[in-house]
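Below you'll find the structure, written out as structure tokens, and then a few comments.
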Amino acid sequence: MIRFENVTKTYARSQRPALDDLSLEIERGQFAFVVGPSGSGKSTLLRLVIREEPTTSGSVLVAGHDLAMLPPRKVPRLRRQIGTVFQDFRLLPNKNVTQNVAFALQVLGKPNRAIRMLVPETLELVGLEGKGKRMPHELSGGEQQRVAIARAVVNKPPILLADEPTGNLDPTTSLDIVRLLADINNQYGTTVVMATHDNVIVDEMQRRVIELDHGVLVRDEAQGSYIPAP
Ligand code: ADP
Ligand code: ADP
């Protein structure tokens with residue numbers, strides 16, 4: 001589903017590569033954590049998957065397509081297949097919960113009929129049934145992240161990328177959010193890639209762990225902890 005082939009990414013005016021000769025494959029339906037200290041290249045890895053940034057060398061393939069070969073007019077099509085969730089939620093502050101989720105479908109030109117079906121069903125999936133009329137500021141951080149997740153998956157994308165989605169949440173809420181991502185992975189077969197430096201969560205979930213250090217892949221375990229077992 002996602003393949004990196006000898007990918008190096010060096011940002012303009014920077015000396016060291018943010019990703020250094022990275023090769024890995026994430027198969028359809030997997031749930032993978034990308035771990036490593038701040039600055040190790042986790043966000044860069046995710047940005048390359050949505051072609052927010054080009055690689056400096058090497059190839060990124062998503063659903064069989066080499067992103068370097070993708071003409072700019074096809075980038076929106078790529079991004080429709082990838083839901084994204086961030087640490088800071090990024091909700092529209094002047095729209096209520098239902099409107100925030102519906103908006104993701106409206107911009108894709110989905111008919112209202114479909115939107116009226118999909119939004120309540122997705123709010124239920126994320127545990128926000130009955131909260132459609134709330135405004136973002138009336139919600140807890142965990143609830144706001146649930147809205148962001150609903151918005152990211154309402155179109156049932158095959159891939160969901162989450163960049164430090166629990167970075168602003170307390171430990172209990174963080175675990176709830178990751179369990180929700182795992183539910184979505186199970187129920188829809190969505191390929192989930194989550195960048196995190198939350199060791200408690202990674203240890204609890206025992207999923208695939210891809211560890212970066214200064215942009216170098218230093219560990220890739222099928223079911224691992226935040227720190228490798230001695
Ligand atoms: P992480 O997500 O693990 O914190 P990042 O991918 O954000 O790591 O950063 C990896 C490296 O790339 C860091 O050294 C960071 O300073 C650098 N970097 C990230 N984004 C940019 C950018 N837009 N321009 C220049 N350097 C960047
Ligand atoms: P075909 O029309 O031959 O069945 P597709 O509809 O799969 O092929 O693809 C048509 C074009 O759309 C391709 O040239 C490809 O670049 C682009 N495309 C298809 N799927 C994706 C994708 N997942 N991400 C980005 N671009 C895609």
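The values are calculated or read from the model by the stated rules, or taken from the named source; none is laboratory data. Treat the numbers as computed from the prediction; the structure is a model and nothing was measured. Ideal geometry is used to build each Cβ from the backbone, glycine not excepted, and the neighbour counts take in all protein chains shown. Note: accessible area is taken over every heavy atom of the protein model, side chains too, but ligands, DNA and RNA are not part of it. Shrake-Rupley method; radii C 1.70, N 1.55, O 1.52, S 1.80 Å.
Going through the range 124-197, which trypsin sites (Lys or Arg not before Pro) have at most 12 other Cβ atoms within 10 Å and a DSSP loop state?
Values: sites: K131, K133, R134, R146, R151, R179; in loops: K131, K133, R134.
Those satisfying the criteria are K133.
Could you check the spin-label model distance between R113 and N168? Points 7 Å from the Cα along Cα→Cβ, value in nm.
Between R113 and N168, the label points sit 3.8 nm apart.
Excluding S225 itself, calculate the net charge of residues whose Cβ lies under 14 Å from the Cβ of S225, where each Lys or Arg counts +1 and each Asp or Glu counts -1. Write out the running numbers ahead of the final one.
On the way: positive: R207, R208, R219; negative: D198, D203, E204, E211, D220, E221.
Net of charged neighbours comes to -3.
Using just the helices of the chain, give the 222 nm mean residue ellipticity in deg cm²/dmol: DSSP H runs with n ≥ 4 each add -39,500 (n - 2.57), and the total is spread over all residues, rounded to 500.
It lands at -10000 deg cm²/dmol.
Quantify, in whole percent, the carbon and sulfur part of the accessible surface of the chain (1.4 Å probe; protein heavy atoms only).
Details: 5430 of 11320 Å².
Carbon and sulfur together cover 48 percent of it.
What number do you get for the chain when its Cα radius of gyration is normalised by 2.2 N^0.38 Å, N = residues?
On the way: Rg = 17.5 Å, N = 230, 2.2 N^0.38 = 17.4 Å.
Relative to the rule-of-thumb radius for its length, the chain sits at 1.01.
Determine the per residue accessible area of the chain with all protein chains present and a 1.4 angstrom probe, expressed in square angstrom. List each step's numbers first, then the result.
Values: 11320 Å² over 230 residues.
So the chain comes to 49 Å² accessible per residue, rounded to a whole number.
Compute the label zone of R16 within the range 182-218: residues whose backbone N is under 15 Å from the point 7 Å along Cα-to-Cβ.
212-218
In the Gaussian network model of the chain, springs joining C-alpha atoms below 10 Å, which of L212, L92, L67 carries the largest mean-square fluctuation?
L92
Please go through the range 17-65 and write out the GluC sites (Glu not before Pro) that DSSP classes as loop and that have at most 11 other C-beta atoms within 10 Å.
Details: sites: E25, E27, E52; in loops: E27, E52.
Qualifying residues, ordered by number: E27.
Run the dipole for the range 40-110 about the Cα centre, Lys and Arg Cβ at +1, Asp and Glu Cβ at -1, nothing else charged, and hand back the magnitude in debye, nearest 20. Don't skip to the answer; put the middle values down first.
On the way: 11 positive and 4 negative charges, 55 e Å.
That gives a dipole near 260 debye.
Run the numbers for E27 and S140: contour at 0.36 nm per residue of separation, minus the present Cα-Cα distance, in nm. Present the calculation step by step, with values, prior to reporting the outcome.
Values: separation 113, 0.36 × 113 = 40.68 nm, distance 3.37 nm.
Residue separation times 0.36 nm, minus the Cα-Cα distance, leaves 37.3 nm.
Run through the range 94-159 and list the GluC sites (Glu not before Pro) located in a DSSP loop whose Cβ has at most 15 other Cβ atoms within 10 Å.
E129
Between A63 and K133, 0.36 nm times their residue separation minus their Cα-Cα distance comes to what? Kindly include the intermediate steps, with their values, before the conclusion.
On the way: separation 70, 0.36 × 70 = 25.20 nm, distance 3.64 nm.
Here the answer is 21.6 nm.
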